[in-house]
Structure formats: C-alpha cells, structure tokens
Amino acid sequence: MGKSKNKSKTGSNGAFGKSPAEESKKASKAAAEQESKAAATTTTAATAEAEEAEEAESQKEESQSLLKQPRIKDGSFLLRSSWNVPFLVVSNLDLVEEIPTPNAEEWKELIALCHTLVKQWIGRKCVVLADFEGEFMGMGGELVSAAFQRTLVVDSKALAPLLGSSATKEMGLLLDLRCPEAIAVTKEIMESEDLCKAIWGADGDVTSLKYSPMINPLSISSVNVLDVQLGFSQDGRRLGMGTMLKRLPPKMVAGLPDKGLAGGVDFTVAQARHLRSLDPPISLSAAQYAVDDLHRLEVVLRTQKPFEVNYRSARNRTMGIVHTICDEPHAFLVPKMKSFMGKMTSASGDDRLATAVRVKRHMMALRHVMGSDEALYQALLPKSLATPSTSSTSSASAASKGDKGPEAAAAATSAKGKEGETVAAAEKAADAIIAAAGVVIPADLHLARKASARTVPGSGAAAPASKDEEDDDGPWEVAGPKISQRQKFKKEMRARVKVDLAAVSAVQVGKVEEDFDPKRDVFRPTVLPDSDDDGDAADRQKAKRQKRKAAAGAENSQAAAQQLPASKKAKKAR
C-alpha cells in the first residue's frame, strides 16, 4: 500500500511534478490542437473565399439571365462604361444619344426588370454604389440621372473594406430622373434600410433628392447612406475626389478617362449663363462619365484604407448629416454662404458668375422650403432670440413697409442677426454679379436649354409660362472663344434681321429694344431670327464686307497713284 501511495505522489497528479513522457504527450496534444485550429481557420477562410466567388458567379449568371429577356437580349438598352461594364438605361424620354426609346411594352418590361434586380439586392442586404448627376447639386438643384451598381468590395455587415477584391462586372442601372417610374425605382433604393448606399460626397445628392426640383420635389428621404469621403476626412476638412484619385495606383484606374474632362461637359460655362449643361439626350461620353464615377469609387474602396478599420463611423456621421438636412434644411446655410462668398471674391469670369448663380438659386429654393424670408432669418437666429419681442417685431414690420429711418434699419439688422447678415451679404453680392452679367433667373428656377437660345417662339419650342421665363434664354453663347459683352452686342447687332412679328406673342413684341442696356453694353434678345434668316443675314453681311473691301482697295490705289512723281506716272501710263 505504501509503495502504491508513493507512486501516486510521483504520478501525474502528485506533488513532485509530471513525468517527461506525460509532458511530451501533453505537448503533442497541444500541437495537434493548434494544427487543428489553424486548419479550421484556413478552411474558414477558404470557405469564405469560395462563398464570395460563388456569390459573384451566381450574380453574374443572374445578370446574364436578365440580359436574355426578349426585349433586351440584343443589348439595345445597354450602355457600356469605359471598362465595358453594362448599365441598363431606364428612360422613355431619350436620356442618352444612340440608345433607342422603348415602346410601351418594352418600357413595362424594363421597369419590371429594375424592380426585380433591386429586390435581389435588398434580399442579399448588399452595399450599392450610387452616383447622381444634374444641375447645381444641392438646394436649388435639379437631378438628371441616377446610377446604381452592387459591389462586393465592402462587407455589408461590418462595413469593412475587402482590400484586394476584384472589380465588379455585373450590370448596373442608369435611371432617368425625369421619368416617374425611374423615380420610383430610385426611391425604393434610397429609402431601403437593407441597402447601404455608398456615395462620395453625399450631402448635395441627398439634398437634391429631398428638395429638388423646387416646384415638384422628389421628396426622397434617404436612409442607410455611407459617405465614403468622410472615411478619409478629418477635422472638418473633406478630401476631394481629385486628391484621392492621385493616391490610387495608376494600373487600377487604367482605361478610365480623366475625371477633369467631365465627359466633355462644361458645367461652369453653361451654369454661369443659367443654361442646362446636361441637356438630354446627353452624349455617350457624358453618360459614361456618370457611370465611370462608380468605378472610381469602387477602386477607392478596393485599394485605400480609411482612418478607422471600417466605415461604420463614417456611416453614422453621414446619417447625422442626412437627418439634419431633412429636419433643418437651413442648418448648413451659413458655412455654405461663407464659402460661396470667398469664391465670389477670389474667382473671376465664368467661375465667379456660376458661383453667384448658385447662391441665388440656393436662396430662392430655401425661401420656398421655409415658407417666407422672415421664417428663414428667424430660423438662423439663436433659440434665445428666435421669437422677437413685440417692439422689435413692430420695428421690423415698419422697416419692411418702407420706413428708411435709422430705427428701422437697426431693427432689420437685429431681426436678421449676425448669421442672417452674413447670408444677406452673400446674396447681395450675388445679385450684383448676376445683374452686371444680365443673367435672369426665373421664379420657378427653370433652366433654359442650350438649343432654345436661338429658337423663335412658336417654332416648336415650349411657350414661356411667365415673364421671368421669357428672359430665360440669354446669354446664349456657351461654346467657342470667350468674347466681351461689347463684342457680343456688336455681333448680334450685325446679325439682326427683320422678324415676322405675327409669329411672336404680343407680350414679346418690342422686347428686343427693352432688353438692351447701353450702360452695360448688354444685349439680351428674346426675339431672335430663325436659322434661315440667320443664314441670309450672314450672306448679306459677307457681301457688304466684300463690297466695302473692294471700294477701300480702289480708293487706296487711287490715292497711291496721285502721290507718284510725274516721271513714274508717265512710265506707269506707258
């Protein structure tokens, strides 16, 4: 018994430690467990990669099956990006040149196809790349198109970037936001909690979706939006896409055109004259510019590490901004006006004028949303001063009725507050710039088409709906070399011809003379000759110039002959 007890003391559970054999056995067991865990980890990673590959292949097959629908299997309604990725153009109003307009049956099938694709995205709770194009994005803007495409380079649950992932090749959507059915598809995507929408610089897009166009807004309240830009921005300063593109490996963006070219669209020149820069049907290059932005955004997600390990914080910050935009549309007005004021002060030419036009449109749209000018400035006041006293209210009302006294002026200043004065100063500066350029912004913020600038009313163009819209055409020279207002006036005066006044409404008769301000050398014709008269006028002007040139040549020859000496005259006569 004693011997047995002694063995037990020196055994595995004894007080004298473990035997070498048992220690070796335990070490082997631990090594086996580690190998098992490593194998399990490798299997899990391999399984995840296999699932991702299977998911991508499944989505590719689904996209291919969608393209085999009877009406679209030939690719008639497909736009190819610069990377040859297909995008379904959803429009029955000629959004893109060379893309046919669907008939009634085709249109129904296209819309049904869109809803089917979106339901698949929602069912998988995907991350969707999104980009919007339009005029004056933000408050007072007007959206033209929306582009969407599912991506697999961001984990939809953790919002962590899957660096090194391959580019998405599945079909995306290019929606015409002039079509109610396409707007419904956009609304379904943007208001879905199960879809995370990844956008670069989302505040302007979200504002336009909510409040534009001014008269009949889309009223789309976006949810679950990720502004990727915020993942790379700190201290209130945002990183621009141009700067980000310089960080990307050149081979990753090979085949994509320079973003600065903007698809051949000059937004600044057109918007400075309050004309449409994207005037559907847009060119193929402009349409590719819209969808190529999704490729650029995906390259950022594939190759760049955000400041944090994932994009959850950026998504939370984005949704805070989105809620503020929807609840308080005036919240970011003061910093925006300060930024615009700086641009109007430092810029010149079309850049300065385009900024002024943007400021005026922003203020007009915001007044429409807030209900009145007084409500706007009251909202800008601190909460302690938001409800003015009776005396200040009466003084402010006296100022609004035309009282020009010092008390009224002081009351008006105090009613607006410091921030209100900043906004009012920016708008006043914009008004002065716009007036000097002769640009007219109609009350409904309607943008004139480039082609309508040389169209006589009654010749196929839509009749003006208001007096503000009558003057919506000029200045009309969008392309070509920049010329001064005086040169522009002289050019138009030379090309003027008689116009058949029977084709012009009574309101517009005599408008040409009224629109010329000799002090500013601004000539803004509302009544313009048609193309035939324009050609005849040019021919007549050419003939006159040739005649004057011939007469001047004869006079010069005669004068030179009179100055010759007598001997040379005789020689010339011989």
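Cα gyration tensor of the stretch 199-299, axes a ≥ b ≥ c as square roots of the eigenvalues: rounded (a/c below 1.5), prolate (a/b > b/c) or oblate? Oblate is the answer for the stretch 199-299, as a/c is 1.5 or above yet b/c matches or exceeds a/b.
Spin-label pair ALA554-HIS323: with each label point 7 Å from Cα along the Cα-Cβ axis, the two points sit 8.6 nm from one another. The mean sequence separation of alpha-carbon pairs under 8 Å and at least six residues apart, normalised by the residue count of the stretch 176-315, gives a relative contact order of 24 percent.
Based on the alpha-carbon gyration tensor of the stretch 73-198 and its eigenvalue square roots a ≥ b ≥ c, which shape applies: rounded if a/c is under 1.5, prolate if not and a/b is larger than b/c, or oblate? Prolate is the answer for the stretch 73-198, as a/c is 1.5 or above and a/b outweighs b/c. Taking a sphere under 13 Å around the Cβ of ALA375 and counting the other residues whose Cβ falls inside, with K and R at +1 and D and E at -1, yields a net charge of -1.
Accessible surface area normalised per residue over the stretch 165-289 is 39 Å², counting heavy atoms of protein chains with a 1.4 Å rolling probe.
Dimensions of the stretch 272-362 from C-alpha coordinates, computed as largest minus smallest value along each principal axis and given longest first, are 44, 38, 27 Å. Any idea how far the Cα center of the stretch 207-233 sits from the one of the stretch 125-179, in Å? For the stretch 207-233 versus the stretch 125-179, the Cα centre distance is 13 Å.
The values are calculated or read from the model by the stated rules, or taken from the named source; none is laboratory data. Just so you know, these numbers come straight off a predicted model, no measurement behind them. Positions of Cβ are generated from backbone atoms using ideal geometry, with glycine treated the same way; all protein chains shown enter the neighbour counts. Protein only, heavy atoms only, side chains kept; ligands, DNA and RNA dropped before computing areas. Shrake-Rupley method; radii C 1.70, N 1.55, O 1.52, S 1.80 Å.
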